[in-house]
Amino acid sequence: MIFSVSGRALALPAESVRRFLPLPRLDRPPAAPAVVAGLFRYQGRAVPVLRLDLLFGFEAAPPELYAPLLLTDWDDRPLALLAERVFNILPVPDAERTPTDTGLTFNGCAVATIPHGTGTATVIDPTRLLTEAEGRLLAAFQAMADERLARLGAPDSETGEEAR
């Protein structure tokens, strides 16, 4: 699945994307790290939204009104990645994949390069987006948000109904 962030073509293995979602209203607690655009409630869980532009050190690209979210999982928890645009979902034969030197990428998250249009897209492994320490912090932040949302009876972003 090929998408863009800050004008750069990135890709995720299609099986790692559970769903595409329109950008809902995000809650932005004051304690949220800068790379977390905010949280929304989806199927009874608080889902953090990561800004890959800030995580990867790209030029900051604040989300536009109809920015898509790519719902994935990180360590058995829902996680959404903010994209500018989704281009395509297509099969890429192994022969067209060029290995990437994972030592040159943060936490080895870039695993391959594939052709896209007249250029290439960098394939990222969503399980390697965060370090173990960052994952623990995000999980703790998400647990606090789940608890807070449950106390408030906040509506679910997908249905608009209160969580049960």
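The values are calculated or read from the model by the stated rules, or taken from the named source; none is laboratory data. Since the structure is predicted, the reported quantities are computational estimates derived from the model, not experimental observations. Note that each Cβ is placed from the backbone with ideal geometry, even for glycine, and that neighbours are counted across all protein chains shown. Please note that ligands, DNA and RNA were not included when accessible areas were found on the heavy atoms of the full protein model with its side chains. Shrake-Rupley method; radii C 1.70, N 1.55, O 1.52, S 1.80 Å.
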Check ALA121: other-chain or 5+ apart residues with amide H under 5 Å from its amide H, H built from backbone geometry?
ILE114, HIS116
Students often get this wrong, so try it: which of (i) 8.5; (ii) 11.5; (iii) 9.8 is mean projected area of the Cα convex hull in nm² as calculated from the structure shown?
(iii)
Roughly how many percent of the accessible protein surface of the chain is carbon and sulfur, given a 1.4 Å probe and a whole-percent answer?
53 percent
If the chain between THR98 and ASP73 were fully stretched, how many nm would it gain, using 0.36 nm times the residue separation less the Cα-Cα distance?
6.5 nm
Can you list residues whose amide H is under 5 Å from ALA37's amide H, if they're 5+ apart or on another chain and H is modeled 1.01 Å from N?
VAL49, LEU50, ARG51
Sorted on mean Cβ neighbours within 10 Å (highest first), peptides 3-15, 57-69, 36-48 come out as 36-48, 3-15, 57-69
Under 5 Å between amide hydrogens, which residues at least 5 positions from GLU84 or on another chain qualify, with H placed 1.01 Å from N in the peptide plane?
SER4, VAL5, SER6
Quick check: the angle from helix 132-152's long axis to the longest principal axis of the chain, C-alpha only, nearest 10 degrees?
30 degrees
Averaged per residue, what accessible area in Å² does segment 1-80 show with a 1.4 Å probe, protein chains only?
47 Å²
What's the long-distance tail for segment 20-110, i.e. % of Cα pairs beyond 20 Å?
45 percent
Phi-derived 3J(HN,Hα) across segment 66-81 with the Karplus relation (6.51, -1.76, 1.60, θ = phi - 60°), rounded Hz, x for Gly and Pro, is 10, 4, x, 10, 9, 7, 9, 10, 9, 6, 6, 10, x, 8, 10, 10
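For the chain, what does -39500 (n - 2.57) per DSSP helix run (n ≥ 4), summed and divided by total residues, give at 222 nm, in deg cm²/dmol to the nearest 500?
Working: 2 runs with 25 residues, N = 164.
After summing the helix terms and dividing by the residues of the chain, the value is -5000 deg cm²/dmol.
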Rounded to whole Hz and in sequence order, give me ³J(HN,Hα) for segment 55-64 from the Karplus expression 6.51 cos²θ - 1.76 cosθ + 1.60, θ = phi - 60°, writing x for Gly and Pro.
4, 8, x, 7, 4, 4, 10, x, x, 8
With the charge dipole of segment 1-96 built from beta-carbon charges (+1 for Lys and Arg, -1 for Asp and Glu) about the Cα centre, the Cα from LEU69, LEU39, ALA11 projecting farthest to the positive end belongs to LEU39
Difference of contour (0.36 nm per residue) and Cα-Cα distance, ALA133 to ILE89
12.7 nm
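To the nearest 20 debye, what is the magnitude of the charge dipole of the chain about its Cα centre, counting +1 on the Cβ of each Lys and Arg and -1 on the Cβ of each Asp and Glu? Intermediate results must be reported in sequence, preceding the final value.
Values: 16 positive and 21 negative charges, 64 e Å.
Taking the Cα centre of the chain as origin, the dipole is about 300 debye.
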Karplus ³J(HN,Hα) for segment 15-20 (6.51 cos²θ - 1.76 cosθ + 1.60, θ = phi - 60°; Hz, whole; x = Gly/Pro) runs 5, 8, 9, 6, 6, 9
Under 19 Å from the 7 Å Cα→Cβ point of ALA60, by amide nitrogen: which residues of segment 1-24?
5-8
